[in-house]
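Here is the structure we will look at, set down as structure tokens.
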């Protein structure tokens, strides 16, 4: 029986790339989405047709405990439970600092941090019972040493997600491994949209390999970290940023 992977925020970008890569490697996939329903169901159709694995598509706001409980309950009923959780769902409400407000800040923390907590807590009992589980949190170099005041709330949320990773690893060991991936500049549709050519050129100059990353490269790292080959990797944060140099 294939292991069941829940990927939050999986309809587009990095989440989509992770879903495709893991389906290719014979994992059963649960695509979580909040607003991108069409993209999520298009992805489900692609995965089912191309890879023949079981695939569910479930809409839920991960910041809402009741919706998370409903989502995990449906997975348990139809697929038996979540063996691997990828906390990828995130929002970035970038704006000039003086225009930001507490409501936006709170919403960013709710989705990016509380959402990961809600999902991790809900899958914990199943993983513990079977004495196996993997949780991957998708943070960002913005949570380490890359700073953009326009996304001060996003940066804070990713730093908090890194801290959450360490605490969950201590709480959930030895059977459940919790690791964190911190991508740098990854060329998703959302990341590239709206930026002019000059800005993108300046950002690439900050990267040692002189290019931005491909979402598939993050997916390859997720695939490794949940594999048996990575069984001795736990409670760690891995940057995948092409050798990004410093902050802005």
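The values are calculated or read from the model by the stated rules, or taken from the named source; none is laboratory data. Keep in mind that what you see is a predicted model, and the values were worked out from it rather than measured. Glycine gets a Cβ as well: all are built from the backbone with ideal geometry, and neighbour counts include every protein chain shown.
Restricting the stretch 40-55 to residues that are more than 19 Å from the chain's Cα centre (by Cα) and not in a helix (DSSP H, G or I) leaves a set whose member that is nearest to residue 76 (Cα to Cα) is 54. Entry remark, the stretch 1-27: residues being over 17 Å from the mean Cα position of the chain (by Cα) and within 23 Å of residue 117 (Cα to Cα) number 1 in total. Looking across the stretch 7-26, the residues that are surrounded by fewer than 24 Cβ atoms within 10 Å (Cβ to Cβ) and outside any helix (DSSP H, G or I) come down to 12, 25, 26. Of all residues assigned to the stretch 215-224, none qualifies as being surrounded by 12 or more Cβ atoms within 10 Å (Cβ to Cβ), in a loop (DSSP other than H, G, I, E, B), touching a residue at least 40 places away in the same chain (Cβ under 8 Å) and touching a helix residue (DSSP H, G or I) at 6+ places or on another chain (Cβ under 8 Å).
Looking at 6, 56, 43, just one residue is in contact (Cβ under 8 Å) with a residue 40 or more places away in the chain, under 28 Å from residue 109 (Cβ atoms) and in contact with a strand residue (DSSP E or B) (Cβ under 8 Å, 6 or more places away or on another chain), and that residue is 6. Considering (1) without any contact (Cβ under 8 Å) to a residue 60 or more places away in the chain; (2) in contact with a strand residue (DSSP E or B) (Cβ under 6 Å, 6 or more places away or on another chain); (3) under 21 Å from residue 21 (Cβ atoms); (4) outside any strand (DSSP E or B), the lone condition that residue 168 does not fulfil carries the number (3).
Of 138, 144, which residue is touching a helix residue (DSSP H, G or I) at 6+ places or on another chain (Cβ under 8 Å) and modelled with pLDDT of 95 or more?
Matching residue, one of 138, 144: 138.
Only residues that are under 16 Å from the mean Cα position of the chain (by Cα) and either more than 20 Å from residue 22 (Cβ to Cβ) or surrounded by fewer than 22 Cβ atoms within 10 Å (Cβ to Cβ) (or both) were counted across the stretch 133-155, and they come to 6.
Residues that are at pLDDT 95 or above, closer than 22 Å to residue 178 by Cβ and in contact with a helix residue (DSSP H, G or I) (Cβ under 7 Å, 6 or more places away or on another chain) occur in the stretch 41-61; there is at least one. Considered as a group, the residues in the stretch 28-39 that are assigned to a helix (DSSP H, G or I) and out of contact with any helix residue (DSSP H, G or I) (no Cβ under 9 Å at 6 or more places or on another chain) include one that is farthest from residue 115 (Cα to Cα), and that residue is 38.
Every residue, every condition in (1) part of a helix (DSSP H, G or I); (2) surrounded by 24 or more Cβ atoms within 10 Å (Cβ to Cβ), yes or no:
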residue: 5; (1), (2): no, yes
residue: 57; (1), (2): no, no
residue: 73; (1), (2): yes, no
residue: 76; (1), (2): yes, no
residue: 82; (1), (2): no, yes
residue: 93; (1), (2): no, no
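Remark: residue 181 matches the filter, which requires a residue to be surrounded by 12 or more Cβ atoms within 10 Å (Cβ to Cβ), touching a strand residue (DSSP E or B) at 6+ places or on another chain (Cβ under 6 Å) and without any contact (Cβ under 8 Å) to a residue 60 or more places away in the chain.
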